[in-house]
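Since the structure comes first, as C-alpha cells, the remarks are kept for the end.
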2 protein chains.
Amino acid sequence: MAVGTVPFPAMPAIDGIRLGTAMAGIKQANRRDLVVVEIAPDASVAGTFTRNAFCAAPVHVAKDHMAICQTRGTSPRYLLINTGNANAGTGIAGRRDAESCCQELARLGEVDPAMVLPFSTGVIGEPLPMDRLLAALPEAVGALDDNGWQQAADGILTTDTRPKGVTVSIEIDGQPVTLNGIAKGSGMIQPDMATMLAFVTTDACIEQPRLSEWLGSGVQRSFNSITVDSDTSTNDACLLVATGRGARIDGDAAIQRFRNALDEVLISLAQQIIRDAEGATKFVTLDVSEARTEQEARDVAFTVAHSPLVKTALYACDANWGRILAAVGRAPVEAFDVDLVRIDLGDVRLVEKGGRAPGYTEEAGSAVMAEEEITIRIRLGRGDAGTTVWTSDLSHEYVSINADYRS
Amino acid sequence: MAVGTVPFPAMPAIDGIRLGTAMAGIKQANRRDLVVVEIAPDASVAGTFTRNAFCAAPVHVAKDHMAICQTRGTSPRYLLINTGNANAGTGIAGRRDAESCCQELARLGEVDPAMVLPFSTGVIGEPLPMDRLLAALPEAVGALDDNGWQQAADGILTTDTRPKGVTVSIEIDGQPVTLNGIAKGSGMIQPDMATMLAFVTTDACIEQPRLSEWLGSGVQRSFNSITVDSDTSTNDACLLVATGRGARIDGDAAIQRFRNALDEVLISLAQQIIRDAEGATKFVTLDVSEARTEQEARDVAFTVAHSPLVKTALYACDANWGRILAAVGRAPVEAFDVDLVRIDLGDVRLVEKGGRAPGYTEEAGSAVMAEEEITIRIRLGRGDAGTTVWTSDLSHEYVSINADYRS
C-alpha cells in the first residue's frame, strides 16, 4: 500500500555526477541492488548519519573515510550502495567487508579507497555476500551515466513500493542550479538525524562547512520530522554532494534561495517516504503550535505520531479524538494546562477546554478521517514555538509486512 | 487471544469488605458494568493515579475526596466503579457527573459524599449515561456481599478477555492475613504509575502513610513495569485498602512478609494484564541488567518493549535478533559501548561483541521463539543496576481490536 500517487520525476543530469547500477543478486536474483555514484573531483560532500549506537559497519567506514578526505584536503569520489543486506550487527568482519568493497571500487575507479563511501540497507546481521557483490561491481562502473537516476532510485529500495525522487531547479545570478535527490525507506523510520538512505546532489558550488550546516538544519525539518514506527535504523544516512560545476552560492539572497530549494528537496523525499510507509493508508501531518519550545512541540507531535491507538484509529477512519487527547496528555510536558489545549482535525475543532468541543459532530469528524491526507493541529496555548511532523497509520498490512519480512 | 490459562482463583472474604454489582446498561445491555465496594469504617486507603495530563473526571474527584477524608481524619467508605464509559475528556460536565454519582451512593449508604471514590473505564469523551447509572445503583448496593469478588472482577472489564484476580494469605503473629486483588486492562497500557484499574484489599491493620509508601514502591515494580502499547490511559488507578480488622503489621519481619505478599499480588495482576493484552500471542519478560542506573535499565527495556519491529517479530516467532539489537542501540543511553552488550533469548546467546554471537544458530533461536512465554535478557556491561519489564507482541488481532473498538 502507499498513499496517493507520486510519479517518479524526469530528472535532469547534474554536471559532475554519474550513476551506474547492477544486479548483484545480494538477496534476490534479477533486481537492481548495487548502485555506484561517481562524483567529479573537488566536490563538497556533507553527510548526516544514524545515532543508533549499534550503527552499521558501512556507517562507521563512511564517517571514517569522510574524515580522512577532510584531513587530506580531498573529497569523496564514489558512493557505493547496496540493498538486500545492511551489513549491521556484523562486528569486525562487517567492517572488513565494507572496507574491501571500497578497495575494489577504488581499484576500478583508480582513486584512493578513502575516497569511496559505502552504504548498505536490508537485512541486519547477515554477512555481506562479498563474492556476488564484488563480481557485479565492474558492471555497475561500466554502466556509469549521467542519466541513471531512476535506475539508481530503484536500486536502493527494500520494502518500498516505489522509487523516490525529486528535482528542483532555481536560477542564481542568471545561472541555472539543479538539485536532484533520491531516497529509500518505508519502515524502521524515526531517523533522528537522517532517513534510511537519501542522496542529494547539486551542481552548485558551495564550501563544505556551509554545505554541512545547511544539510544539518534541513534534515531537522525533514527527515528528523517523520516517523513510521519509532524505530531508528542502524544504517540511516543522508548525503549531500555539491559538484561545484555550476553557480557559486554566495550572498544572502542566493543562499536563501538555495537553502529553500534544498529544504524543498529534503521535505519532498521525507514525505515520499511517509506516503510509502509500510502498510500506510494515510498520510498524516501533525502540526503542533503554541508550545514553549520547539522541543516541547516535537515531544507532543511524536507522542501522538507514535501512539498505536491513534495510528489504528487513523487506519479505521475513526475520528477517535479521545485517543489523540490521551496521547497529548501523556506527552512529557511540564505543568501542562489541558484547559488551554485546542485540537483540530482538518478544519473541524475536536477538543477545547479539556473536553470535546461544543460544536463537534461525529459526522464532521468522520468526513475528515475518510480522506487519505489528514492534518491534526494541536495548539498548546503556552508559547509561540511549533513544529510539523509527518507520519502514517498502523494497519494490518504493517503487521503482515513486518511479521513476514526479515529486516 | 490471551497467553496461557489463568483460572480465576477462589477468593476468600476479607473482613470489612463487601462487593455488589449490577447491570446498568452503560454501553451494552446484559453485562455487569457497575461495581460498588463497601469498606468498613476506619480502614486505611492508599491510591496511585494516572499521570496523564488529560486525566479523567473520576480521577480528579477520587483524588479530591481522598484529600478531604485525610483532612477530616475519616476514611473512604465506598468505591464506585463503572465500565463502558471513561468519563474522560468530558470537561466540567464530567466532573459534575462524577460528583453526582458519589452523592447518590452516599445517600444510599448514609455517608458523606467525600467518602465515595469514583472510577470509570471505557470510551473516552462520551457523557456518562447518568440516568441508567443512577437507576442501577440501588441494585448494586442491595447485592453487597463479602463473596462478590468474581462478579466484581467481571464488572470492571472492557476489552479484557478474562477477569483478573489473585489472593495471597500469610500469617502474622499467628494470625492469618489475607490480600485479595482484582484488576482490568488489556490495551492503552503503559501505566507509568498504576494500571488501568486495580483494587487490592487486605484485612491487615496498617497506618495510611505506610500503606501509601508500600503501594508506591510495589506499583513501580509491577504496574509501572508493564507495557502493551506505550499508551498511558486517562483513567489509570490502583487502590489499596487495609480494613484493619485483622493483624497489625508492625516490626521488621512482619512488614517484610506483608510487603512481599503485596508485591506478589501486584505483580500477579500486572502479569495477568499482559497475558490478556489486546491481541497478545506472547508473554515477554525483558530482563535488563548491568546498567549504570535503574532508569537506564528501564529506558532500554521500554525501548525494546515498545519497538513495533520487535513486537511484530515476536508475533511471527521470528528470532530476528537484529531488530532487538537495533532497538537497544537507539535507547537513550549515554556513551554506550555496544561491544560490551550481551543479549540472550531464553538460554540462547544472540549478541555479543557488537554482532551475532559466534555459536548462535537460527534453529536454536527459533526454538525459543516458538514458545508462548519468552525471556529476553540484555546485559549492558556498564554497571550493576537492573530491571524487569513485561510486554506482549503486536499482532493482526491488536490492529483489528483497536481499529474496530471505540476506546
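Among (1) surrounded by 23 or more Cβ atoms within 10 Å (Cβ to Cβ); (2) outside the structural domain of A:Thr202 (by TED's automatic domain parsing), there is one condition A:Leu262 misses while meeting the rest; what is its number?
Among (1) surrounded by 23 or more Cβ atoms within 10 Å (Cβ to Cβ); (2) outside the structural domain of A:Thr202 (by TED's automatic domain parsing), the lone unmet condition for A:Leu262 is (2).
Condition check: in contact with a strand residue (DSSP E or B) (Cβ under 9 Å, 6 or more places away or on another chain) and at positive phi. Does A:Gly216 satisfy that?
Spelling it out, it is not the case that A:Gly216 is in contact with a strand residue (DSSP E or B) (Cβ under 9 Å, 6 or more places away or on another chain) and at positive phi.
Mind checking which residues of region B:85-108 are more than 14 Å from chain A (Cβ to nearest Cβ) and in contact with a strand residue (DSSP E or B) (Cβ under 6 Å, 6 or more places away or on another chain)?
Within region B:85-108, B:Cys101, B:Cys102, B:Leu105, B:Ala106 meet the criteria.
Considering only region A:1-42, state which residues are open to solvent by 60 Å² or more (accessible area, probe 1.4 Å) and among the polar types (S, T, N, Q).
Matches in region A:1-42: A:Thr5, A:Gln28, A:Asn30.
Could you list, in sequence order, all residues of region A:281-333 that are among the acidic types (Asp, Glu) and more than 14 Å from chain B (Cβ to nearest Cβ)?
A:Asp287, A:Glu290, A:Glu294
Keeping to region B:53-86, report how many residues are in a loop (DSSP other than H, G, I, E, B) and within 24 Å of B:Met130 (Cα to Cα).
6
Is it the case that some residue within region A:333-346 is charged (D, E, K, R), over 15 Å from B:Ala53 (Cα atoms) and open to solvent by 20 Å² or more (accessible area, probe 1.4 Å)?
no
Mind checking which residues of region A:221-274 are away from chain B (no Cβ under 14 Å) and assigned to a loop (DSSP other than H, G, I, E, B)?
A:Ser222, A:Thr243, A:Gly244, A:Arg245, A:Gly246, A:Ala247, A:Ile249, A:Asp250, A:Gly251
Tally time: how many residues in region B:144-157 are within 17 Å of B:Gly25 (Cα to Cα) and open to solvent by 10 Å² or more (accessible area, probe 1.4 Å)?
Going through region B:144-157 one residue at a time, the tally reaches 3.
What is the one condition in (1) within 17 Å of B:Gly386 (Cβ to Cβ); (2) outside the structural domain of B:Ile182 (by TED's automatic domain parsing) that B:Ser307 does not satisfy?
Among (1) within 17 Å of B:Gly386 (Cβ to Cβ); (2) outside the structural domain of B:Ile182 (by TED's automatic domain parsing), the lone unmet condition for B:Ser307 is (1).
When you scan region B:22-41, do you find a residue that is over 18 Å from B:Gln151 (Cα atoms) and in the same structural domain as B:Gly142 (by TED's automatic domain parsing), even just one?
Yes, region B:22-41 contains a residue that is over 18 Å from B:Gln151 (Cα atoms) and in the same structural domain as B:Gly142 (by TED's automatic domain parsing).
Within region A:43-52, take every residue that is part of a loop (DSSP other than H, G, I, E, B) and open to solvent by less than 30 Å² (accessible area, probe 1.4 Å) and give me the one that is modelled with the highest pLDDT.
A:Ala43
B:Asp404 passes all but one of (1) under 30 Å from B:Ala86 (Cα atoms); (2) touching a Phe, Trp or Tyr at 6+ places or on another chain (Cβ under 9 Å); (3) within 12 Å of another protein chain (Cβ to nearest Cβ); which number fails?
The failed condition is (2).
Among the residues of region A:358-377, are any within 25 Å of B:Thr312 (Cβ to Cβ), within 8 Å of chain B (Cβ to nearest Cβ) and open to solvent by 40 Å² or more (accessible area, probe 1.4 Å)?
Looking for residues that are within 25 Å of B:Thr312 (Cβ to Cβ), within 8 Å of chain B (Cβ to nearest Cβ) and open to solvent by 40 Å² or more (accessible area, probe 1.4 Å), one finds none in region A:358-377, hence no.
Let's see how each residue does on (1) in contact (Cβ under 8 Å) with a residue 24 or more places away in the chain; (2) at positive phi; (3) in contact with a helix residue (DSSP H, G or I) (Cβ under 6 Å, 6 or more places away or on another chain):
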site: B:Asn320; (1), (2), (3): no, no, yes
site: B:Ala327; (1), (2), (3): yes, no, yes
site: B:Arg342; (1), (2), (3): yes, no, no
site: B:Arg349; (1), (2), (3): no, no, no
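Looking at this structure, is B:Val241 at pLDDT 90 or above and among the hydrophobic types (A, V, I, L, M, F, W, C)?
Considered against the rule, which asks whether it is at pLDDT 90 or above and among the hydrophobic types (A, V, I, L, M, F, W, C), B:Val241 comes out as yes.
Which one of the conditions (1) at pLDDT 95 or above; (2) surrounded by fewer than 20 Cβ atoms within 10 Å (Cβ to Cβ) does A:Leu133 fail to meet, given that it meets all the rest?
(2)
The values are calculated or read from the model by the stated rules, or taken from the named source; none is laboratory data. Since the model is a prediction, treat every value here as computed from it, not as a measurement. For neighbour counting, all protein chains shown are included, and Cβ atoms are generated from backbone atoms with ideal geometry for every residue, glycine included. Accessible surface areas use protein heavy atoms only, side chains included; no ligands, DNA or RNA. Shrake-Rupley method; radii C 1.70, N 1.55, O 1.52, S 1.80 Å.
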